[in-house]
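To start, the structure itself, in structure tokens.
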Amino acid sequence: MILASQSPRRKELLSFITKDFRVIPAVGEEHIAKGTPPDQAVLQLSQQKAEEIFSEHKGETIVAADTVVAIDGEILGKPRDEQNAAEMLRKLSGRVHSVFTGVCVIFADGSRENFAEETKVEFYPLTDKEIADYIVTGDPMDKAGAYGIQEKGAANVKGIVGDFYNVMGLPVGRLARIFRKHNISY
């Protein structure tokens, strides 16, 4: 099995359900049409990653994923800079947003399963000082939506509805059920 991701979080999460994999990140340019709904965007992006790696490693099972944060239909990617991170955190402050992760599994025989998982996350209202203090940690700078729920960003989260691990980047429970269905042991 190959994990088509360079994310250390995805590697850790996949190791919860299987130890028998290696990491080969997809490097191709990602393409989605402007205005694509978030759940469809993550499906398309995860499929692109999985197909890239499968084309080079036929006969192996490929797992690829992509995660976005969305609010009011707008996808919040990784912040460009600290100002952009602050803008994102202000949008999320005191509100509920969605985290979507698309997963594409291409099995050794070329068959596939793909899905998008949604988790709702509610933030506490954040003051400008709280936002500035969080940005100074550097934690939001490499994460979609400018926060990581598993790190210092956890202090901003009032609650979640759905799969916690989905917010980290891989819906472990649902993926484990796909592995079981296809007799992939772990």
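For this structure, a couple of remarks:
- With protein chains left intact and a 1.4 Å probe, residues in the range 35-102 average 43 Å² of accessible area per residue.
- Cα lying deepest toward the dipole's positive end in the range 48-184, options G102, V157, V172, charges on Cβ: V172
- Whole-percent carbon and sulfur share, accessible surface of the range 1-133, 1.4 Å: 48 percent
- Binning the C-alpha pair distances of the chain at 10 Å intervals from 0 yields a P(r) profile of 10, 37, 33, 16, 4, 0 %, listed from the shortest bin outward.
- Between V23 and A132, residue separation times 0.36 nm minus the direct Cα-Cα distance comes to 35.8 nm.
- Per-peptide average of other Cβ atoms within 10 Å, ordering 153-161, 167-175 highest first: 167-175, 153-161
- Listed peptides 100-110, 18-28 by packing density, highest first (mean Cβ within 10 Å): 100-110, 18-28
- Förster-model FRET efficiency, 41 Å R0, N84 and E56, C-beta, rounded to 0.05: 0.75
- The lysines within cross-link reach of K181, meaning a Cα-to-Cα straight distance under 30 Å and a gap of 8 or more places when in the same chain, are K11, K19, K49, K58, K120.
The values are calculated or read from the model by the stated rules, or taken from the named source; none is laboratory data. None of these values were measured; they are calculated from a predicted model. Ideal geometry is used to build each Cβ from the backbone, glycine not excepted, and the neighbour counts take in all protein chains shown. Ligands, DNA and RNA are stripped out before the accessible areas are found, and what is left, the full protein with its side chains, is counted by its heavy atoms. Shrake-Rupley method; radii C 1.70, N 1.55, O 1.52, S 1.80 Å.
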